[in-house]
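Worksheet: one structure, shown below.
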Amino acid sequence: MTQQDDTGASEPSLGPRPERPIDIYRRAVACLDACLPLGWSLTSDRPRSPAAPERIVVTAPDGESVSFAVVTSRGVLSGDIARIASELAQSDRGLVCAHYLSDPVRRQLDQHGISYADATGNLALVASRPAVWVRNRGADADPWRGPGRPSGVLTGEPSDRVVRALADHHGDMTVPELISLSGASTGATYRVVEVLVERELIRRIPRGAITAVRWEPMLRAWAADRKVCATRRFATPDGLGAVTAALADRMDVPYVLSGVGATDYARPDVLELYADDPDALATATGLRPVDRGGDVVVAIPWSPVVFDRMDRRDGLRFLAPAHLYADLLSGPFRNRAAAEHLRAQLVADESRWRRPVR
């Protein structure tokens, strides 16, 4: 058996808190990779957009390997562990990655035989074949938690997921159904639902189903609260038509169109879109980076929810209508006139863009 245990590691300078799933995964797995014994290696499948890889493979020096299903979350509560364990196949091994895992959560993961790694260095990797037991101790408290958590704010990936799921679907919805539709953790979903009820943006039967969603004010509140994405600017030497033609041909580059160009409000002078890797997008479409101006603006998404339930037209990928409306209200793609134009269309025919829950 190979084992490594370091309970006296000094806490490194952690830098800013990782927010996106891929950033959480990279930070957590970097800690794990640094603690693997000599000759052992770690590989993963290719992630989709800012999502983390679905699996990692740990390989021993003799070539024998073991695979782990990756579960990435910004926050994991004790109440989430049983659900995570039940979602893993009976013969599968899991690796939970998070920005921070508390001691009670780590102990519960140990009891369920689930490996884990957080961005502060807390980790445990256990497998019987090949035999490996790796542990490390990181922070004893969340280093990114402030003195108090802001109340009633719709910001962060769980809010993104829950708001989008509520806006994209209609009909009575239980919280477990919302958890399934949104992909957010159980604890985070309940917290976001509580905020939405307090702000009278949804109506819920006590301990029961969500019976009404005021989707327009909810999307306005979400647009006002959420973080603004970083953007990159590019110039296209052959015009926007050449870029959209290239995007229609290159289905392996994760992107989604947003802004005025994703509506029928007006012909845009600037193409606006999301892409997790702007440089890869630029290479695939012949774009040239510029410091100012340009005719293509690429936003780097905080969460993979931008790629959920996309519209596909003429070979191109367009942001889902609810998310597009929020983008036009605030952020780098805002255009109030186009937002009002889209709002009128959404109100006129909800069945066009809101799906039934069942």
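The values are calculated or read from the model by the stated rules, or taken from the named source; none is laboratory data. Just so it is clear, the structure is predicted and the values come from calculations on it, not from any experiment. Cβ coordinates were reconstructed from backbone atoms using ideal geometry, including for glycine residues, and neighbour counts include every protein chain displayed. SASA here: full protein model, heavy atoms, side chains in, ligands and nucleic acids out. Shrake-Rupley method; radii C 1.70, N 1.55, O 1.52, S 1.80 Å.
Observations on the structure shown:
- Residues in the range 248-261 that are modelled with pLDDT of 90 or more and either open to solvent by 10 Å² or more (accessible area, probe 1.4 Å) or touching a Ser or Thr at 6+ places or on another chain (Cβ under 8 Å) (or both): Val260, Gly261.
- Scan the range 310-328 for residues that are open to solvent by 10 Å² or more (accessible area, probe 1.4 Å), within 22 Å of the chain's Cα centre (by Cα) and either among the acidic types (Asp, Glu) or closer than 21 Å to Asp225 by Cβ (or both) and the total you get is 2.
- Pair list, Cβ under 8 Å, 6 or more apart: the range 278-292 residue open to solvent by 100 Å² or more (accessible area, probe 1.4 Å), other residue assigned to a loop (DSSP other than H, G, I, E, B): Arg288/Thr236; Arg288/Pro237
- For the range 1-38, filtered to residues that are open to solvent by 50 Å² or more (accessible area, probe 1.4 Å) and at pLDDT 85 or above, the residue that is farthest from Pro301 (Cα to Cα) is Leu38.
- Each residue in the range 199-228 was checked for being among the acidic types (Asp, Glu) and farther than 12 Å from Leu154 by Cα, and 2 pass.
- Of the residues Pro158, Pro237, the single one that is closer than 30 Å to Asp295 by Cβ, open to solvent by 20 Å² or more (accessible area, probe 1.4 Å) and touching a residue at least 24 places away in the same chain (Cβ under 8 Å) is Pro237.
- The condition of being open to solvent by 50 Å² or more (accessible area, probe 1.4 Å), part of a helix (DSSP H, G or I) and either in contact with a Ser or Thr (Cβ under 9 Å, 6 or more places away or on another chain) or under 22 Å from Ala221 (Cα atoms) (or both) holds for Arg343.
- Candidates Asp103, Asp110, Asp80, Asp118: the one that is open to solvent by 10 Å² or more (accessible area, probe 1.4 Å) and touching a residue at least 24 places away in the same chain (Cβ under 8 Å) is Asp103.
- Some residue of the range 215-229 being hydrophobic (A, V, I, L, M, F, W, C), touching a residue at least 40 places away in the same chain (Cβ under 8 Å), open to solvent by 60 Å² or more (accessible area, probe 1.4 Å) and within 30 Å of Ala280 (Cβ to Cβ): yes
- Condition met for Ala212 (among the small types (Gly, Ala, Ser), out of contact with any helix residue (DSSP H, G or I) (no Cβ under 8 Å at 6 or more places or on another chain) and either within 22 Å of His323 (Cβ to Cβ) or not in a helix (DSSP H, G or I) (or both)): yes
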